[in-house]
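Undergrad: Structure incoming, see below.
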Amino acid sequence: MSTAAPPLDPPLAAANAAAASFAALESKLGYLDAADVERVRQAYRFADTAHLGQLRHSGEPYITHPIAVAAQAAEWKLDAPAIMAALLHDTMEDCGVTKADLVERLGAPVAELVDGLTKLDKLRFNTREEGQAESFRKMLLAMARDVRVILVKLADRLHNMRTMGDMPRNKWGRISSETLDVYAPIAHRLGLNQTYRELQDLAFRYLKPWRYNVLSKAVTRARQRRRDLIQKVQQDVERALGEAGLAARIIGREKPLYSIYRKMDDKRLSFAQVSDLYGVRLILPDIISCYTALGLLHQLYKPVPGRFKDYIAIPKVNGYQSLHTTLVGPASINVEFQIRTEAMDLVAEAGVAAHWLYKSGEHGQLHDAQLGNQWLQSLLDIQNETRDAAEFWDNVKVDLFPDAVYVFTPKGQIMALPRGATVVDFAYAIHSNVGDHTVAAKVNGEQVPLRTEVNNGDVIEVVTAPVSSPNPAWLGFVRTGRARSKIRSHLKSLAQDQSRTLGDKLLAQALRAEGLGKPPGDGPEDKAIWDKLLRFTGNRARDELLLDIGLGKRSASMVAKRLVTLLGEQGVKPDALLLTRARYTAHENLSQGAVTVDGSADVSIKYATCCRPIPGDGLLGYLGRGEGLVVHTDDCAVARRLQHKDPERFITVAWADEPVRAFEVGIVVTVVNGKGVLARVAAAIASAESDIVHLGMPDEVAQDALDLRFVITVRDRTHLDHVLRTLRWTHSVLRATRTVPTAA
C-alpha cells in the first residue's frame, strides 16, 4: 500500500536503492543454475514495475519487502518458482495484476503459487470465531496441496515481524497474537525451528514489550556473569573431543526469551530458578561420532538423571533428529547439549524446507525431512471427513504441537502419537477401518481398556470385529484429530440414517391419520407430487425432508396435510375406513401408526432422564427441535407440561414385544442410618439381578434416617417390582419407591 513519506537524505536513499536492487537477492541464488536465476530476474523486473511508486510504512520502496521475502526463501534453498512467487506475492492483491497476466509472463506454476499466497493474505485470525476457523481451514488446505505456499507465507510473516516497529502500534497486538497462535506452531510442526523461535520472540517483543525488556536485560546480565563459564565448557569439550580424534563444530546457544517466559509462567518460577538458560550444540561428521561424543561428554560431566533423549534412533514427528543430554557443568550449572550431524542440523533448522536441499548427500535423511509433508497430507483426510470449519480447527489444532510418544506395532513398526493418545488413536493411525472396527486392545501383551493412554516403547495390538462400529464415548478420550474426525463422521452418518428412517415412520403415521395408507412411491407419476411438496417445504431432496422430520425440525402432520392436498388435486381421496380407525385408536399404544421402541442403539431416539421410561410404562413421544424423538412415560410431569405448550410435537410411541437391553430407572431407598446399611442395600439390589449405575447421598449424613437415591438397571416393570420388594424386606430399609419426576 502506498504511503506518503518525506524526502530521504542521500546516504539513506543510497541504502534503499541498494536494498531494492536485484543484487541484494542474486548473491543468495548460487545454488540455482543460470537459467533459473534469469527467470527469477524476470520476476523481479515484473514485481519492481508493479510496485513502482509504492512505499512501506518505513519510507522504503515497497519492492524491498518482496526481495527480503525471496531472500529468506533462498536461505531455505527453495526452487526457482517459489523464489519467483515470493517476489510477486503482493502483486495481485496490491497492484491489480491478474492471474492471467502472471500465466502469460511467467508461467502457470508461478501463477498458481501467487494465487494461493494472495488468498492467504486475505485471511485474518483475530478471533476464535467461525470466520477464523474457516480462514485457518483454507490456509491448511492450501499448505497440503503445495507446501511451498506456506513456506513463502512464513517468510513473508517473518519479514513483517522483523519490521513491525514501522507499523502502526494499534496493529501490533493482533498481528503478534496471530503469529503466536497460528504461524509459529505451523513453523514448529514443519520443523522450521529457527523460524519458530524467531517468530515467537518477535511476537513476544511486540505483544508484551515490558516483560520482553525486563527478561532481555536479565539475560544480558546473566550472560555477562556466566561468559567465562560457557567458555570453559566449550574449551573442556574441545579438548576432550580432540583427544579422541573427533572433529566437531561447537556452537554455544542461549534459550530463547519466549521459551524462558513460558517456562517461568507455566511453572511459576523466578528468573533465577530457570537453570537451563545455556546450551551447546555439537555438529559431527556421522552418526557413530555422535554416540561417541555422547559417551565422552558423560565422562567429562555428570548427566542429570531423566534428561537424556535419543531423537536419532526415534526422530520427532516433524523429522527432527538429535541426541539431547543435560549435564551438570562447572559451578553446578546445568548445560544442555545437542549432538547431531550436519544433515540433521539442516533438517532441525529448515525442517520440511530441507527437502529442496537434498540434491545430493545423505539421502537416507530425506524421509525424515518429509515427515511434515505426511502431516500436511493428513489434513486432506480430515477435511474429507469434516465439512464444518470450527470442527476442522478443533481436530487439527492439537496436531500443531508435536510433543509425541513413540509406540510399536506387533511387527516392530514405530509410530508417533501425541502425548496422551490412547489405543483408539493408535488404531485410527494404522487405518480408519481398523479404528472403526476396534473392540479390544493389548498393550505389551496385557488386555487393557480402549481408553488406556499409551507410553513410550509400548507394543500395541488391536483386536477388531467386522460387526463393531465407533462408540460415541470414544470422543471423550481420543487425542488425535484424525481419530476424532473419523468417529464424528461415522456417528453423523449413522445419526442421519436413523433419523431419516424415523422421519419415514412419522410421515407414514401422519398420513394414516389423514386417511392415506402410504406416501407416494418412486414412480414417474409420483415425482411431480414430491417435487411440489419439496418446493413447499424448501428441501432439496426427499431424504433431506425425511431427515428434517426425524430430527423434529419439521412437523410430520403439516407435511402430511400438504401431501393430502396435492394428492387430492389429482383425484386421490382419503380412505374413510382408515380415517375412522386412525381417529378411534389415536389414543391407544397399539395404534397402527405408533413408533415402536426396543432400546436398541439408535441415536435418533433418546429416553428422557427425568422419568426414565422402562418396558411396561405407558409412553409419550416428544419430537424436539433438532433432537430427534425423546421418549417419556405417559404420567411424566415434564412431558405433560411440554404437551400443554406444544401438543403437535407429541406422537404415539409403543414398546416393541421384546426389548433388546436393560433400562435405567431411578429409585429412592429410605434407610435407618447405621453401620453397614449401604452394603446391605447394595447386596439386595445385586441379589435381585440389577446393577447400580449411580448413587446419590445427602450431604448431611448424621441423621436417623437417610434417603439413598439410586439409578439401577431393570428389564421391565415386573423386574423393578421385584427389586423394590427385595429392598423392602431388607433389614434397616424403611421404604423403597420409584423416583417420580416433578415439573420444573
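Undergrad: Once the other residues with Cβ under 13 Å from the Cβ of V423 are scored (Lys, Arg +1; Asp, Glu -1), what is the net sum?
TA: Residues near V423 contribute -2 overall.
Undergrad: Sticking with this structure for a sec: Please list, by residue number, everything in segment 294-323 whose backbone N is under 19 Å from a paramagnetic label point 7 Å out along Cα→Cβ of K232.
TA: Of the residues in segment 294-323, 297-304 have backbone N under 19 Å from the label point off K232.
Undergrad: Further question: Please list, in order along segment 235-246, the HN-Hα scalar couplings obtained from phi with the Karplus expression 6.51 cos²θ - 1.76 cosθ + 1.60 (θ = phi - 60°), rounded to whole Hz, x for Gly and Pro.
TA: 5, 4, 5, 4, 5, 5, 5, x, 5, 8, x, 9
Undergrad: With bins 5 Å wide starting at 0, give me the P(r) of segment 636-687 over every alpha carbon pair, in whole percents.
TA: 4, 11, 13, 13, 12, 13, 11, 10, 9, 3, 0
Undergrad: Of K153/K267; K255/K309; K263/K442; K532/K561; K28/K309, which pairs sit farther than 25 Å apart, going by alpha carbon to alpha carbon?
TA: Listed pairs above 25 Å: K153/K267; K263/K442; K28/K309.
Undergrad: Another one. If we count other beta carbons within 10 Å of each Cβ, what is the order of E658, E664, E648, E349, fewest first?
TA: Fewest-to-most ranking of E658, E664, E648, E349: E658, E648, E664, E349.
Undergrad: Which residues' amide hydrogens lie under 5 Å from the amide hydrogen of L192, considering only partners 5 or more residues apart or on another chain, with H built in the peptide plane?
TA: Distant-sequence amide H within range of L192: V352.
Undergrad: Viscosity 0.692 mPa s, temperature 37 °C: give me the Stokes-Einstein translational D for segment 645-744 in µm²/s, with Rh taken as the Kirkwood radius over C-alpha pairs.
TA: Value of D from the Cα-based Kirkwood radius: 218 µm²/s.
Undergrad: For K606, what residues show an amide H to amide H distance below 5 Å, using hydrogens built from the backbone and excluding near sequence neighbours?
TA: Correct list: L629, V630, V631.
Undergrad: Check which residues have an amide H placed less than 5 Å from A654's amide H, if you skip close sequence neighbours.
TA: Placed amide hydrogens put V595, T596, V597 under 5 Å from A654.
Undergrad: A follow-up question, please. Taking neighbour Cβ counts within 10 Å as the exposure measure, how do T179, T326 sort from fewest upward?
TA: Starting with the residue having the fewest Cβ neighbours, the order is T326, T179.
Undergrad: Short version: ³J(HN,Hα) in whole Hz for each residue of segment 656-662, in order, from phi by Karplus 6.51 cos²θ - 1.76 cosθ + 1.60 (θ = phi - 60°), x for Gly and Pro, what are they?
TA: Coupling constants for segment 656-662: 5, 5, 10, x, 9, 8, 7 Hz.
Undergrad: Quote the FRET efficiency, to the nearest 0.05, computed for L695 versus D634 with a Förster distance R0 of 35 Å and r equal to the Cβ-Cβ distance.
TA: For R0 = 35 Å, the calculated efficiency reads 0.80.
Undergrad: Subtracting the Cα-Cα distance from 0.36 nm times the residue separation, let me have the gained length for K645 to I414 in nm, one decimal.
TA: Stretched fully, the K645-I414 segment lengthens by 77.2 nm.
Undergrad: Oh, and also: Per residue of segment 53-66, in order, report the coupling 6.51 cos²θ - 1.76 cosθ + 1.60 (Karplus, θ = phi - 60°) as ³J(HN,Hα) in whole Hz, putting x for Gly and Pro.
TA: Result, ordered by residue: x, 8, 10, 7, 4, 6, x, 6, x, 4, 4, 4, 5, x Hz.
Undergrad: Here's something else I'd like to know. Sorted from fewest to most neighbouring beta carbons within 10 Å, what does the list T220, T670 look like?
TA: T220, T670
We did not get these values from a lab; they are worked out from the coordinates using the rules stated. Quick caveat: nothing in here was measured; it's all calculated off a predicted structure. Neighbour counts are summed over all protein chains in view; Cβ atoms, including those assigned to glycine, are modelled from backbone coordinates with ideal geometry.
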